[in-house]
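One structure is given below, encoded as structure tokens.
What follows is calculated from the coordinates using simple rules that are stated; it is not laboratory data. As the structure is a computational prediction, the values presented were derived from the model and not from experiment. Cβ: placed from backbone, ideal geometry, glycine included. Neighbour counts: every protein chain shown.
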Amino acid sequence: MITYLYQAEETLIDAALSFTRGLSAGVFRTNEALTYKKKAALLDWFELLSVSLPPEIGLHELIDTLKQGIDEISQKHENLKLVVGKHQMPEQNWQSCAKSTKPFFCGFWKLLHIMSVGFAEQAGGLALRDASPSIRVFSAKQAADVVREYMTHFFPCTHCVQRFVAKYDDCSYQRCHRLSDATDDATAESWQEFPLWLWEVHNDVSKSVSSDEINADATKIGRKAEDKQWEQKMQIQYPHIEQCNACYTADATWNLVAVYNHLENEYWTLGHEVEENVDNFLEYNGGTHNYFTWLHYLMIFVIVLLAVASTKKFRVRATGRHKKDDTATVDRFPRKYRNS
């Protein structure tokens with residue numbers, strides 16, 4: 001649980017940094033003011049994030065300022081830079097994404113996952129209407145359209161944009177059928193299709209990026225090479241088997257209910273439901289940042305052992321290399337909830 005708190009903080013910092021650095025790198029490509037279409041796309045992006053990001057990320061004040069000053073900041077980069085500069089993040093360094101060769105892309109995917117799960121949990125903004133009757137509500141289809149337009153106009157990677165837009169316009173992963181236009185009468189499952197669709201897009205991108213490495217090993221023969229390729233393919237997929245055993249069925253397909261629960265725990269609950277005894281432990285040891293204690297190392301050791309055992313078990317099921325018929329069901333992880 002202590003490790004989870006630390007990881008949640010890292011996730012929020014990386015996502016927030018990707019938002020601010022994306023504004024700096026992608027909004028203005030020339031010295032000219034934004035066109036009306038680009039200005040509308042940027043405002044839509046701000047409004048979508050406003051109804052879907054958790055307060056813990058610390059971006060709502062900045063986003064509100066950007067929305068209110070959209071006319072001014074769309075005129076030139078200096079105006080945008082000035083507004084962002086007045087709302088500096090307390091931590092300016094990449095956290096878990098520092099290990100990535102492309103930390104901005106890593107952080108941006110974290111931002112998209114946080115936003116999309118928050119979108120589902122907040123029902124596109126409907127859950128906030130009691131507190132803010134005039135708030136804008138997005139359908140799942142509208143939310144996806146906003147992401148497409150933001151990527152088209154502002155994402156600082158040309159071939160990434162081309163791939164994403166092509167997949168989007170081709171209705172990949174049944175986007176055109178899965179993402180509904182409904183709002184007031186939309187079901188909980190309908191809202192959840194948006195984060196699940198983005199999760200599938202992310203896995204597709206990961207597979208594409210890693211395909212060269214896997215293909216390089218394809219010329220090798222033998223059991224060890226085959227096992228390595230299998231492990232590579234498993235590691236590319238998110239969540240990994242060691243991250244979410246319940247996300248995989250016995251026949252090596254996705255359990256989408258468990259996948260959504262994992263996304264919710266990873267990107268929305270964010271360690272809020274800490275047991276009382278853990279709270280007492282943190283307080284006794286001087287706060288939530290005192291992670292590197294004997295308990296921390298013990299927990300890591302136990303998690304590693306469980307991950308190894310789970311991976312071996314799943315390897316047997318997925319490949320069929322076993323002596324007995326294994327029909328045991330996989331236990332689901334408990335779901336954590338947070339009142340929105």
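Summary of values
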| item | result |
| --- | --- |
| Unsatisfied cross-links (Cα-Cα over 29 Å) in the set LYS38/LYS167; LYS67/LYS141; LYS37/LYS207; LYS76/LYS102 | LYS37/LYS207 |
| Farthest positive-ward along region 84-157 dipole, Cα basis, beta-carbon charges - from VAL147, GLN122, VAL137 | VAL147 |
| Principal axis box of region 7-222, alpha-carbon based, largest edge first, Å | 62, 42, 36 |
| Intensity falloff of region 92-213 expressed as log10 I(q)/I(0), Debye formula with alpha-carbon point scatterers, at q = 0.13, 0.15, 0.18 Å⁻¹ | -0.58, -0.75, -1.01 |
| From phi via Karplus (6.51, -1.76, 1.60), per-residue ³J(HN,Hα) for region 122-136 in Hz, x at Gly/Pro | 8, 6, x, x, 4, 5, 9, 5, 4, 7, 9, x, 8, 5, 7 |
| Estimated dipole of region 7-222 in Debye, rounded to 20 [Cβ of Lys and Arg +1, of Asp and Glu -1, Cα centre] | 680 |
